[in-house]
Amino acid sequence: QVQLAESGGGSVQAGGSLKLSCAASTRILGISEMAWYRQAPGKQRELVARIFEGLQTAYADSVQGRFTISEGAAKNAVDLEMDNLKPEDTGVYYCNALRGGVPSWGQGTQVTVSS
């Protein structure tokens, strides 16, 4: 299993920006995809954005045009730039890595957007 360390998050007013970062804690090969998920109180965890097969990206409709996922500075790292944040973006954001078809999860970081 891949150990993932997340950073970033916090509280911001609507319209503001935040950046999340995630990196594998050890040098590891074979990660095919990294992604960010989020879980709002009382709701199921949902995919926010993913990066795969090099630099291909995909986004949830709710964040398209506002969020940008990109490779981090280090190997096996991923960033999520979140702009024009809305109260409905509030939740715990989890980093995810897929290796050999097996997913690994970070511990999550809280994002709170106030109106």
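List the trypsin sites (Lys or Arg not before Pro) within region 46-111 that DSSP assigns to loop and that have no more than 15 neighbouring Cβ atoms inside 10 Å. Can you show the working numbers first?
On the way: sites: Arg50, Arg66, Lys75, Arg99; in loops: Arg66, Lys75.
Answer by residue number: Arg66, Lys75.
In terms of Cα to Cα distance under 20 Å, which aspartates and glutamates are near enough to Lys19, apart from those fewer than 8 places away along the same chain?
Counting by Cα, and skipping residues close in sequence, Lys19 has these aspartates and glutamates nearby: Glu6, Glu33, Glu46, Asp61, Glu71, Asp79, Glu81, Asp83, Glu88, Asp89.
Tell me which GluC sites (Glu not before Pro) from region 19-82 have a DSSP coil assignment and no more than 16 other beta carbons within 10 Å of their own.
Numbers: sites: Glu33, Glu46, Glu53, Glu71, Glu81; in loops: Glu53.
Filter output for region 19-82: Glu53.
Counting only DSSP beta bridges with both residues in the chain, tell me the antiparallel percent, nearest 5. If you can, show how the numbers build up before the last one.
On the way: 41 of 45 bridges.
Beta bridges within the chain, antiparallel portion: roughly 90 percent.
Sketch the reach of a paramagnetic label on Ser32 as a point 7 Å from Cα along Cα-to-Cβ, and name the residues of region 82-102 whose backbone nitrogen lies under 17 Å away.
Within reach of a label on Ser32: 96-102.
Sticking with the crude label model, points 7 Å out along Cα→Cβ, report the distance from Ala73 to Glu53 in nm, one decimal please.
3.1
Quick note: the coordinates plus some simple rules give every number you see, no bench work behind them. In this text the structure is predicted, and so the values were computed from the model without any measurement. Virtual Cβ from ideal backbone geometry, glycine too; neighbours counted across all protein chains shown.
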